[in-house]
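Just so it is clear, none of the values below were taken in a lab; they were calculated from the coordinates. Owing to the predicted nature of the structure, the values given are computational and were not obtained by experimental measurement. Glycine gets a Cβ as well: all are built from the backbone with ideal geometry, and neighbour counts include every protein chain shown.
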Amino acid sequence: MLRARGLVKAYRQETAVAGVDLEVNAGERVALLGPNGAGKTTTLFMLLGVVTPDEGWVELVGERLPEGRKRALAQVGFAAGYLPLAEKLRVREFLAMYADLYGMPQRTTAIAAALERFGIGQLASALGTELSSGQRTLVGIVKATLHRPRLMVLDEPTASLDPEVASRVRQGLLELSRQNGSALLVTSHDMAEVERLCERVVFLSKGRVVADGSPAEVSASFGHRGLEDVFLHLAGEEDARPRVGTRSVRRGRP
Amino acid sequence: MTVLSMPGHGRAGEAARAWQRVRAIARRHAYVLARSPHRLFDVTLWPLVDVLLFGSLGVFVSHHRGSGSIAFAYLLSGIVLWHVVYQSQIALSTGLLEETWSRNMLNLMVTPMSELEYALGVMLFGMVKLFVGVGVAAATAAAFYAFDVTTLGFDILPVAAVLLLVGWVIALFVIGIVLRFGSGAEALAWGILFMVMPLSGVFYPTRALPAFLQPLAVALPTTHAFAAGRALLDHQGLQWGQLAIAGLSTLALLVVAVAFVSAMLGLFRKRGYVTRYT
């Protein structure tokens, strides 16, 4: 579904990503984790073809980037918790625009179903400016899942959601993943959520993959009881170590 | 896995999807215009104010100079034709700016839409703005000054077509600069026209310019297009020579503008400038 090898990205003198290899298989739910500045968002942007890597390559839904970008992105959905909804559009107009961009027929039915999946059918006629930040995030997730993509890429999707709504989002994503076999690649700072949603976690630190495996395996490889402790462990290292480290990847699985 | 039935496969299917994307972008900008009264000024109030300004100036000149009536016609036809450049340029460049203002660029960049489809969508919407804006200018000239643009006949259409293309070319340069330097460069979307306007002989032959500026004026395609427009007022018929110079130099500039935008888009992706709008 997604393969990336040797991704490197530097902004001016700062190395954001220092050689990331990543693979997500069909139907797999993977979390890309790490402290702020670990290189998660830059990695996601390179995987989506929005940022050109300095080194390395990406194969997205069987298409090599950047040549196959258009064909690949037709089968990928993206949402980020920090992106607003276009202000002058009603929710249904915003979703209709993206349905058209993905070439969907019968978009009215698909939009209604997608809104209901996340329990926000009542927001269809609301303007972007009338929504709370949590509601805007939900609409963004609906947008990302509208065309039933083979891969969903979500950057901090539940950052502004209350626990009840975040739970509804997780249920919606799990349902979609199970029904359609969609793979999921998600970044989050909520380790409890990751443990509920994802079967595999990849930890980044200083632009490198430092752990890759199931949540339990990765926690054990660091000698901790949960991902929260692994996160704190790495955040402490991030503060203490130079920018580009040489740590070897801790494999949760042989 | 559930597979959605997309419109047919092959070239016809892809062409249908491309057209669907183009219309989606045009519709998106139409919603924004309809719900932003201040943006309606571009196609309603400004054309009206411009025609009032230059029409009244023309009336004043015609009362005090022997050549007043032709100056009056130059001023009014000039401002109506100028709105072809203005509307096409503003529609395309502010189309991209709208995506930066609403932080929608990242969302658009992760869809299967190509840059060309996006530009065509904004241009399609821009054509609607163009017809409304130029229509308001022409109607104001007719209503307030009894100046009927249609008396210039169909010969005005190729002149307007070249000016339309010039507007898009200028917009592409503005977009390239905004991609490179960010929203700080957005003042160019409006400001650049104020540099082009006096040099293009919109209201007067370029020999009226200071001598040192005249070679620069001659190099601009707009100069030749407006000269062709004035020739129509002077009953000299369509000046194909002037129009050919204007058209060919505009096409040459279009090639340069497309190459410039492509290079800036490459830089935008390479340097990760999308993060400016997230």
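Rounded to the nearest 500, the 222 nm mean residue ellipticity of chain A from helices alone is -11000 deg cm²/dmol, with -39,500 (n - 2.57) taken per DSSP H run of at least 4 residues.
Computed from label points 7 Å out along Cα-Cβ, the spacing between residue A:192 and residue A:132 is 1.8 nm.
Bridge orientation summary for the protein assembly as shown: considering DSSP beta bridges with both residues in this region, about 50 percent are antiparallel. Loop sites by DSSP among the trypsin sites (Lys or Arg not before Pro) of chain B, restricted to those with at most 16 other Cβ atoms within 10 angstrom, leave B:66-270 as the longest stretch without any of them.
If R0 is 51 Å, what FRET efficiency do you get for residue B:53 and residue B:16 from their C-beta distance, rounded to 0.05? After rounding to 0.05, the efficiency reads 0.65. Counting Lys and Arg as +1 and Asp and Glu as -1 over every other residue whose Cβ lies under 12 Å from the Cβ of residue A:158, the net charge comes to -3.
Under the rule of -39500 (n - 2.57) per DSSP H run of 4 or more residues, summed and divided by the residues of chain B, what mean residue ellipticity at 222 nm is obtained, to the nearest 500 deg cm²/dmol?
Values: 11 runs with 207 residues, N = 278.
Dividing the helical sum by the residues of chain B leaves -25500 deg cm²/dmol.
The dipole here belongs to the range A:46-172: it is taken about the Cα centre, uses +1 on the Cβ of Lys and Arg and -1 on the Cβ of Asp and Glu, and is about 480 debye. Net charge near residue A:174: determine it from the other residues with C-beta under 12 Å of the C-beta of residue A:174, scoring Lys and Arg +1 and Asp and Glu -1. Neighbour charge sum, excluding residue A:174 itself: +3. Values of log10 I(q)/I(0) for the range B:28-160 across q = 0.10, 0.11, 0.21 Å⁻¹ run -0.41, -0.48, -1.16, by the Debye formula with one identical scatterer at each alpha carbon and no solvent.
Among beta bridges from DSSP that stay inside chain A, the antiparallel ones total about 50%. Taken residue by residue and averaged, Cβ atoms of other chains lying within 10 Å of the Cβ of A:82-95 number 5.
I'd like the FRET efficiency for residue B:234 and residue B:44, computed as 1/(1 + (r/R0)^6) with the beta carbon distance as r and R0 of 51 Å, rounded to 0.05. FRET efficiency, residue B:234 to residue B:44: 0.95.
The C-alpha radius of gyration of chain A, expressed as a fraction of 2.2 N^0.38 Å, stands at 1.00.
Centroid-to-centroid, using Cα positions, the range A:102-180 and the range A:25-79 are 20 Å apart. Note on residue B:139 and residue A:21: their simple-model spin labels are 6.7 nm apart, each label 7 Å out from Cα toward Cβ. A cut-off under 15 angstrom between Cβ atoms defines the neighbours of residue B:277, and their net charge, with Lys, Arg +1 and Asp, Glu -1, is 0.
Of B:37, B:179, A:222, which is farthest towards the positive pole of the protein assembly as shown's charge dipole, taken about the Cα centre with +1 and -1 on the beta-carbons of Lys, Arg and Asp, Glu respectively? Going by the Cα projections, it comes out as A:222. Charge dipole (Cα centre; +1 on Lys/Arg Cβ, -1 on Asp/Glu Cβ; no other charges) of the range B:1-130 amounts to roughly 260 debye.
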